[in-house]
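What follows is a single structure, and I will ask about it in a moment.
Read-outs: derived from the displayed coordinates by stated rules, not from any lab. What you are looking at is a predicted structure, and each value in this text was computed from that prediction instead of being measured. Counting neighbours? That spans all protein chains shown, and the Cβs are built from the backbone with ideal geometry, glycine included.
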Amino acid sequence: MSKPKLLVLELWRVGDLAMASPFLRQATRRYEVTLVAQPMACEFQRRFWPEVRVIPFEAPWTVFLGKYRLHKWPWAELGCLMRNLRRQEFDCSVSARWDPRDHFVLWLSGAQERIGFPRVGSGFFLSRRLSRPPPHVHRYDLWKRVGAELGLELPSRQEMPMPALRSGGRIVVHTGAGAPVRVWPLERWRDLIIRLRERGAEITILSDPIQRDTWLAWGERHVRTPSSIAELIDILESAVLFIGHDSGPGHLAALMGVPTFTLFGPQLAESFLPIHPRAQWIDGRSCPHKPCFDYCRYPIPHCLRDVSVEEVLGRVKECLKDWGLPGS
């Protein structure tokens, strides 16, 4: 007997796909799952959920610039996607975002059941409307709630299996992020890395292309700029700890079983902490506008910029000592 056909929308980036991965894995046990996601989801699929069929699509409302210029949206591509989805006659479709654009896509797909969190009238497009989640809910908990609606039992974040600590390898430090407002000053990263190396830690740096020249000018030899998710996965394979900002590579590391330490600035750990039982973090300074996302109301994001090297080093040393890793 064939499984019912489930359509899943997760149109955003690396971290969002990582947090959706436990749901996708569980869903394949009961459903024939098709995921509409950005093209890099194909690299996730090969490693983490091979039974999921991926339809690559870059939604115009997920870009940082120009998302509201409707006249520049790829309407022909959107039309092709909708026709493709309707032909497949999905039994059910889901989105874990309270985004009316996602719900509109679910409706246009022609799926018999359409499950999501309604917002500003988007309940019209849904056949099963989930109650609005509490403020600052963790993104994984939204997928857990969607899973419960489908009869899937996902563990809570606190009940996730505890991966064994790796006995050898490097600390991977990621000094970039998708938005500048989330980036700690590069000079402080350099100071932190020097001081950890003085304590015996082996460190590989993941750098965004815009930062790479600076690292090379400083004489850094262990700097990598991955060009694909597959290359990033290869680097993280031997990591014993990941240190970075609130960004996709940290969530990917946690998905691979690597403990994480995250520097939070404009965002909140309660909503975006990587899903790992040993995930640790340091909060940025308080601000009346937190949480904010990709833009800051001030010339400088003081919530993150005012965090000192000493504060981060102290917290990281505690983690290294607790886990018996070099660098404490």
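Please state the charge dipole magnitude for the range 66-115, taken about the Cα centre, from unit charges on C-beta atoms (+1 on K and R, -1 on D and E), reported in debye and rounded to the nearest 20. Please report the intermediate quantities before stating the final value.
On the way: 9 positive and 6 negative charges, 67 e Å.
About 320 debye.
Within the range 143-183, name every residue whose backbone N is under 18 Å away from a label modeled 7 Å from Cα of residue 1 along the Cβ vector.
150-152, by backbone N distance to the label point.
Rounded to the nearest Å, what's the spacing between the alpha carbon centres of the range 46-113 and the range 223-257? Just the number, please.
Centre-to-centre distance over Cα atoms comes out at 27 Å.
Same structure, new question: Along the charge dipole of the chain, Cβ charges K/R +1 and D/E -1, which of 295, 85, 42 sits furthest on the positive end?
Farthest towards the positive end: 85.
Karplus couplings for the range 204-219 from phi (6.51 cos²θ - 1.76 cosθ + 1.60, θ = phi - 60°), rounded to Hz, Gly and Pro as x?
Result, rounded to whole Hz: 10, 9, 9, 10, 5, x, 5, 8, 4, 4, 5, 4, 5, 5, 7, x.
Evaluate the distance, in nm, between pseudo-label points positioned 7 Å from the Cα of residue 213 and of residue 51 along their respective Cα→Cβ axes.
It is 4.9 nm.
For residue 113, enumerate residues with amide H under 5 Å from its amide H, sequence gap 5+ or separate chain, H modeled in the peptide plane.
Amide H to amide H, under 5 Å and 5 or more residues apart or across chains, residue 113 pairs with 92, 93.
Which residue, 48, 261, 272, has the most motion in a Gaussian network model of the chain that connects Cα atoms within less than 10 Å?
Maximum among the listed residues: 48.
List the relative contact order of the range 5-156 as a percent without decimals, with contacts defined as Cα pairs under 8 Å and 6+ residues apart.
On the way: 245 pairs, mean separation 32.9, N = 152.
Normalised by residue count, the contact order of the range 5-156 is 22 percent.
Mind checking the angle between helix 75-88 and the chain's longest principal axis? C-alpha axes, 0 to 90 degrees, to the nearest 10.
Computed tilt is about 60 degrees.
Still on this model: Would you mind working out the magnitude of the charge dipole of the range 185-272 relative to its Cα centre, with +1 at each Lys and Arg C-beta and -1 at each Asp and Glu C-beta, to the nearest 20 Debye? Walk me through the numbers on the way to the answer.
Numbers: 8 positive and 12 negative charges, 52 e Å.
Computed charge dipole of the range 185-272: roughly 240 debye.
Please tell me the relative contact order of the range 170-322 in percent, rounded to the nearest whole number, where contacts are Cα pairs under 8 Å and at least six residues apart. Present the calculation step by step, with values, prior to reporting the outcome.
Numbers: 244 pairs, mean separation 38.1, N = 153.
Reported relative contact order: 25 percent.
How much length, in nm to one decimal, is gained on full extension between residue 104 and residue 286, taken as 0.36 nm per residue of separation minus their Cα-Cα distance?
Details: separation 182, 0.36 × 182 = 65.52 nm, distance 3.64 nm.
Result: 61.9 nm gained on full extension.
Amide H neighbours of residue 54 under 5 Å, at least 5 residues apart or on other chains, H built in the peptide plane: list them.
Here 35 satisfy the definition.
Tell me, what is the FRET efficiency for residue 78 and residue 323 to the nearest 0.05, using R0 = 35 angstrom and their Cβ-Cβ distance as r?
On the way: r = 47 Å, r/R0 = 1.35.
So, using R0 = 35 Å, E works out to roughly 0.15.
Moving to a separate point now. What is the diffusion coefficient of the range 170-322 in µm²/s, taking the Kirkwood radius over Cα pairs and the Stokes-Einstein relation at 20 °C with a viscosity of 1.002 mPa s?
On the way: Rh = 15.6 Å.
Roughly 138 µm²/s, to the nearest whole number.
Fewest Cβ neighbours within 10 Å first, please rank 240, 120 accordingly. Walk me through the numbers on the way to the answer.
Working: 240 22, 120 8.
Starting with the residue having the fewest Cβ neighbours, the order is 120, 240.
Pairs of alpha-carbon atoms within less than 8 angstrom and 6+ residues apart define the contacts here; what relative contact order does the chain have, in percent?
Numbers: 582 pairs, mean separation 49.8, N = 328.
Computed over the chain, the figure is 15 percent.
Further, regarding this structure: Roughly how many nanometres apart are two label points built 7 Å out from the Cα toward the Cβ at residue 220 and residue 310?
The answer from the label model is 2.4 nm.
For a quick check: with amide H placed at 1.01 Å from N, whose amide H comes under 5 Å from residue 206's, ignoring anything fewer than 5 positions away on the same chain?
The list, which skips near neighbours in sequence, is 173, 174, 175, 224.
Right, something else. For the chain, give me the percentage of DSSP beta bridges that are antiparallel, rounded to the nearest 5 percent.
Working: 0 of 35 bridges.
Among the beta bridges of the chain, antiparallel pairing accounts for roughly 0 percent.
Any idea what angle helix 139-149 forms with the longest principal axis of the chain, computed on alpha-carbon atoms, 0 to 90 degrees, nearest 10?
Approximately 30 degrees, to the nearest ten.
Nearest 10 degrees, 0 to 90: what angle lies between the long axis of helix 186-198 and the longest principal axis of the chain (Cα atoms)?
For helix 186-198, the angle is close to 60 degrees.
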